[in-house]
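Chemist: Structure incoming, see below.
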Amino acid sequence: MGPTGATGPTGAQGVPGVGLPGATGATGATGAAGPAGAANVIAGWINTDGSTKTVAAGTFTSSRIGTQVGLYKILLPSVAPGAAFVPVVTTSAADVVARVTTVKTDTATGFTEVDVTVNLFTSSTTRRDAEFTFIIVPVQ
């Protein structure tokens, strides 16, 4: 037998292979607890005559202010007078706007009082009775 021939040139690189996915990693540590929710939220739905239609959360009473059209008060026994809170009112009536006009201490009960005025959308001086909803969110 004759001598072994010279080594040939290196061939071109082959197409890369497709690997299989690796194993799922270990479960990470539990994250920190989130901030506490607003536990003292007060919310409800008020009728056109000032009576309470629905209590969604918390404790409150509602009424019309005297016999005045479009003027309502909400008494909040669980909100200390002078405590910070965010009041929000809204109405689904298309031609009116509901707004908080006064926050004070009710002289008869000592409770925090939120007064709401409902005006025609086109006039800030023309009041009208309308149902509205509200939410009171304490600032902590």
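Chemist: From Thr117, Thr27, grab the single residue that is among the polar types (S, T, N, Q), farther than 30 Å from Ala130 by Cβ and either out of contact with any Asp or Glu (no Cβ under 9 Å at 6 or more places or on another chain) or assigned to a strand (DSSP E or B) (or both). Don't jump to the end; show me each part of the working.
Modeler: Numbers: Thr117 fails: farther than 30 Å from Ala130 by Cβ.
The match here is Thr27.
Chemist: Another question about this same structure. Could you list all residues from region 70-110 that are without any contact (Cβ under 8 Å) to a residue 40 or more places away in the chain and either of a type in the set (Phe, Trp, Tyr) or part of a strand (DSSP E or B) (or both)?
Modeler: Leu75, Val96, Val97, Ala98, Arg99, Val100, Thr101, Thr102, Val103, Lys104, Thr105
Chemist: Just for region 30-55: of the residues that are among the hydrophobic types (A, V, I, L, M, F, W, C) and modelled with pLDDT of 90 or more, which one is most open to solvent (accessible area, probe 1.4 Å)? Quick ask: steps written out before the conclusion?
Modeler: Restricting attention to region 30-55, the residues satisfying the condition of being among the hydrophobic types (A, V, I, L, M, F, W, C) are 32-33, 36, 38-39, 41-43, 45-46, 55.
In the following step, the residues that additionally are modelled with pLDDT of 90 or more were identified as 41-43, 45-46, 55.
Numbers: Val41: 32, Ile42: 2, Ala43: 13, Trp45: 98, Ile46: 1, Val55: 82 Å².
For region 30-55, the residue satisfying everything is Trp45.
Chemist: On the basis of being in a loop (DSSP other than H, G, I, E, B) and in contact (Cβ under 8 Å) with a residue 12 or more places away in the chain, does Thr67 make the cut?
Modeler: Considered against the rule, which asks whether it is in a loop (DSSP other than H, G, I, E, B) and in contact (Cβ under 8 Å) with a residue 12 or more places away in the chain, Thr67 comes out as no.
Chemist: Taking the residues in region 120-137 that are assigned to a loop (DSSP other than H, G, I, E, B) and among the hydrophobic types (A, V, I, L, M, F, W, C) as candidates, determine which candidate is least open to solvent (accessible area, probe 1.4 Å).
Modeler: Step one: of region 120-137, the residues assigned to a loop (DSSP other than H, G, I, E, B) are 121-126, 128-131.
Okay, now just the ones that are also among the hydrophobic types (A, V, I, L, M, F, W, C), so 121, 130.
On the way: Phe121: 148, Ala130: 4 Å².
Across region 120-137, the extreme among qualifying residues is Ala130.
The values are calculated or read from the model by the stated rules, or taken from the named source; none is laboratory data. Worth saying up front: this structure is predicted, and the values here are computed from it rather than measured. Positions of Cβ are backbone-derived with ideal geometry, glycine not excepted, and every protein chain shown enters the neighbour counts. For the accessible areas, the whole protein counts, side chains as well, though only heavy atoms, and no ligand, DNA or RNA atoms are used. Shrake-Rupley method; radii C 1.70, N 1.55, O 1.52, S 1.80 Å.
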